[in-house]
Amino acid sequence: MRTSVIGFPRIGKDRELKFAIEKYFTGKINEVELLESGRMQREYNLKTQKAYGIDLISCNDFSFYDNILDTAFLFNAIPQRYKNLKLSVLDTYFAAARGYQGVNGNVKALAMKKWFNTNYHYIVPEIEDDTVISLAGTKPIDELKEAKTLGINAKVDIIGPFTFLKLARFTGSKKASDFAPALTDAYIKLIEKLQLENADWIQFDEPYIVRDLNGSDITLFEEIYKKILSSKGNVKILLQTYFGDVRDIYNNITALDFDAIGIDFVEGRKSLDLVKTNGFPKSKTLIAGVVNGKNIWRNNYAKTQGILNELNGIVSAEKLVIGTSCSLLHVPYTLENESKLPDSYRVHFAFAEEKLSELIEIATGKEDAFIKNAKLFESRPDVLDKEVKERVSSIKEEDYTRLPRFEERERIQKERLRLPLFPTTTIGSFPQTDDVRKNRKDFKNGTITEEQYIEFNKNKIRECIKLQEDIGLDVIVHGEFERNDMVEYFGEHLAGYVFTEKAWVLSYGTRCVKPPIIWGDVSRKEPITVKWSVFAQSCTDKPVKGMLTGPVTILNWSFPREDITLQESTLQIALAIRDEVLDLEKNGIGLIQIDEAALREKLPLRKSDWYSEYLDWAIPAFRLVHSGVSSETQIHTHMCYSEFTDIIPAIDSMDADVITFEASRSDLLILDALKKNNFKTEVGPGVYDIHSPRVPSVEEIVSALTKIRAKVEDSKLWVNPDCGLKTRGVSETDASLRNLVAAAKIIRNT
Ligand code: GLN
Ligand code: ZN
């Protein structure tokens, strides 16, 4: 069997490309040096995949920032405001990606959005009514030529026109279908040029077709591809899908003249059924995505073989290719980087490079490899914890419900807390200054004692509380100086987690994250945050809000287990965090915030799956965390995006007492939706954007609050920034919060 890889990580085995791009941003290297760094990275990727023996290797999966933005630039979908800057093409590109402030002007970046159900973020192309779509760049052609000089006739990976149009934002009155003809022509031009370079395969990435599609979507898709495929000449065209199954469009795509179709058999729940029920055209190649591109566990060869056996007979041996389920962009480079991971653990993981060897082993079907692989699934060390299992199975229905009901609690809490109207607070973290990071690092490296570490943090907390009192905030936080990251910190304090050293995964641009791995049954061995919160409360008479991360977010920002369900893992984490909530309460903390920043992250791509596959267990898991507290304890939650207009009833049924969320950048549409849905939870829509260093003026905050008051009852409205302050500087934080408190005081009197 032949093998295919959809795409490879690009940031560098040691994040070389990240550092090169960042050096370019700060002027430490020039364009020529940056381009060379990119070239070296591409060469490494191509050679690595070739060395393992992969047959279909992608080029043009590389990017200096984002592939969707590359596609926009390739087809001249560049908003005029960036062109007006009159910068070089590369700098115009970076201006669109990150914003630009300098001698040539001042423009904000294009919006960024989550790439389907991953933690990668793409840049949203903006298409203006007068945008003239045309083939304006040569990136895919250049990268093909470059691959050829290395002796690899790579398949050219390109974001497909349908997905591109569906993800773009149209700023004027024209729609996707208005631009489809010009875009189709531009793709055809590109194909012609690639043909001149003797391209063998072109891979059109169309992940959008795993979502719910309506009739006009399908028509648009067919119109575009009929034209493209009729002028493909002798280049072979692969339609590549991933992140799910193509149930709405399977028969349409198999009827089109594609040479190959790539289907995801890992996340695509119905993929196998679709092929079995509808068959697969004899003339086409099927690329079966069987090696998970999103998780880090070893492939189960026997299981994979089972899928391939079922395909056998429907697809002939020479037309069946095995591949990754999606681009390997979403997993780290290689286990070679992990020097501290014990072998007994290591053998169970496969990062990008190890997945290449899995593909080869499966394709060649070597018996000893299969035997060795089967042994891995007999057992893993330290996974099972009987107590945890029993605790989860003895959860009762009533454990998911907090009593008394919200309305009753709201009354009790108002009486107890006696907060002013429009109470002011923050989301939790305060600026993570160099000394704060150094303190954690020194403690980790053993250069300071635990006592010194704690002493430093206590001083920071004391200072932070004094500052908040001085500013006049009503609900105080301790500042989160002990945390590197809101998920990693809890992972480190929970049993059942494994950590890596360099297992970085790209999140956006040059930013990488290092998700911890849920290895086994999760439990809390001892209190985690209690000492910090209790100390903080001892420094002030004002109420201190305890600060935790919720189970769904912890799960969504970790690599999850595959041997138990996400639901079961989440419940285990929920019980651990529940213990922490109850300990905080027992120790006198009367307000507890449980952050669910990433709640939306794993919302299924298909609406019909939202509840049954996800929300039906994720929301109760959150309730399980706080259902044990008394009516007097006020539970807060925080979500990073206000993109929950469509799941408002689910958010309300988290049954928190207060929710804070980002709203300052959105158009306050969410507030209309809250009103329409009779949202009961008290709300703190962020009144300014913490992602920018700009200090909002008092008038600006007053005006935001005035707009919000038109939609939210006064008695339910909180005043706060839109997210944690850890990435902000000290002085802008001070100034912004003072303005926030001043604004709250003004509206209390109007
Ligand atoms: N409590 C966290 C903080 O303030 C929340 C961070 C987040 O929502 N991403 O940093
Ligand atoms: Zn946030």
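The values are calculated or read from the model by the stated rules, or taken from the named source; none is laboratory data. Every value quoted in this text rests on a predicted model; they were computed, and no experiment measured them. Neighbour counts run over all protein chains shown; Cβ positions are idealised from the backbone, glycine included. Keep in mind that these areas ignore ligands, DNA and RNA; they rest on the heavy atoms of the full protein, side chains included. Shrake-Rupley method; radii C 1.70, N 1.55, O 1.52, S 1.80 Å.
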A student applying the Cα gyration tensor rule (rounded when a/c is under 1.5; otherwise prolate if a/b is larger than b/c, oblate if not) would label the stretch 530-686 oblate
For Arg511 and Glu43, extending 7 Å from Cα along the Cα-Cβ vector and measuring point to point gives, in nm, a value of 3.2 nm
Restricting to Cα pairs under 8 Å and 6 or more apart, the percent relative contact order of the stretch 630-694 works out to 36 percent
Per residue, accessible area of the stretch 538-662 with a 1.4 Å probe, heavy atoms of protein chains only, in Å², comes to 27 Å²
If N is the residue count of the stretch 631-693, its Cα Rg over 2.2 N^0.38 Å rounds to 1.11
At the level of C-alpha centres, the distance separating the stretch 219-260 and the stretch 113-149, in angstrom, is 19 Å
Packing-ranked peptide list from 11-17, 310-316, highest mean Cβ count within 10 angstrom first, is 11-17, 310-316
Phi-derived 3J(HN,Hα) across the stretch 468-482 with the Karplus relation (6.51, -1.76, 1.60, θ = phi - 60°), rounded Hz, x for Gly and Pro, is 5, 5, 5, 5, x, 5, 8, 10, 9, 10, 8, x, 6, 6, 7
Cα pairs beyond 27 Å in the stretch 603-750, in percent, come to 27 percent
Looks like the stretch 234-388, by Cα gyration tensor root eigenvalues a ≥ b ≥ c and the a/c under 1.5 rounded cutoff (else prolate when a/b is bigger than b/c, oblate otherwise), is prolate
What the Cα atoms of the stretch 126-202 span along the principal axes, largest first and in whole Å, is 47, 19, 16
In whole percent, the fraction of accessible protein surface over the stretch 1-84 that belongs to carbon or sulfur atoms, probe radius 1.4 Å, stands at 53 percent
Rounded to whole Å², per residue accessible area for the stretch 324-365 with a 1.4 Å probe reads 30 Å²
For the stretch 265-339, the Cα-Cα pair-distance distribution in 5 Å bins from 0, as whole percents, is 3, 14, 24, 23, 15, 10, 6, 3, 2, 0
In this structure, among Lys340/Lys375; Lys23/Lys726; Lys47/Lys366; Lys270/Lys607; Lys155/Lys514, pairs with alpha-carbon gaps over 18 Å are Lys340/Lys375; Lys23/Lys726; Lys47/Lys366; Lys155/Lys514
Too long for a 23 Å Cα-Cα cut-off, among Lys502/Lys531; Lys166/Lys676; Lys83/Lys139; Lys438/Lys458; Lys50/Lys189, are Lys502/Lys531; Lys166/Lys676; Lys50/Lys189
If amide H atoms are modeled at 1.01 Å from N in the peptide plane, then the residues at a separation of 5 or more from Gln240, or on another chain, having amide H under 5 Å from its own are Phe204, Asp205, Glu206, Gly262
Quotient of Cα radius of gyration and Kirkwood radius for the stretch 589-670, i.e. Rg/Rh, equals 0.98
Rounded to a whole %, the carbon-and-sulfur portion of the accessible area of the stretch 334-479 at a 1.4 Å probe is 51 percent
Restricting to Cα pairs under 8 Å and 6 or more apart, the percent relative contact order of the stretch 139-229 works out to 43 percent
Taking every alpha carbon pair in the stretch 203-260 and sorting the distances into 5 angstrom bins from 0 up to the bin holding the longest one, the percent per bin comes out as 4, 19, 31, 28, 13, 4, 1
Here the percent of antiparallel bridges among DSSP beta bridges lying wholly in the chain, to the nearest 5, is 20 percent
With label points set 7 Å from each Cα along the Cα-to-Cβ direction at Lys466 and Ile746, the distance between them in nm comes to 3.0 nm
In Å², rounded to a whole number, the accessible area per residue of the stretch 42-165 with probe 1.4 Å is 37 Å²
Listed by chain and number, the aspartates and glutamates with an alpha carbon less than 14 angstrom from that of Lys276, same-chain partners under 8 positions apart left out, are Asp245, Glu310
Too long for a 30 Å Cα-Cα cut-off, among Lys193/Lys355; Lys108/Lys711; Lys441/Lys466, are Lys193/Lys355
Calculated from DSSP helices alone, with each H run of at least 4 adding -39500 (n - 2.57) and the total divided by the residues of the chain, [θ]222 nm to the nearest 500 comes to -12500 deg cm²/dmol
In Å, the Kirkwood estimate of hydrodynamic radius for the chain over Cα pairs equals 27.6 Å
Length-normalised contact order of the chain, Cα under 8 Å, at least 6 apart, in percent, tallies to 11 percent
Inter-part gap, Cα centre of the stretch 726-750 to Cα centre of the stretch 595-651, in whole angstrom, is 29 Å
Heads up, the stretch 170-286 by the C-alpha gyration tensor (a ≥ b ≥ c square roots of eigenvalues; a/c under 1.5 rounded, else a/b over b/c prolate, else oblate) looks oblate
Rounded to a whole %, the carbon-and-sulfur portion of the accessible area of the stretch 188-311 at a 1.4 Å probe is 45 percent
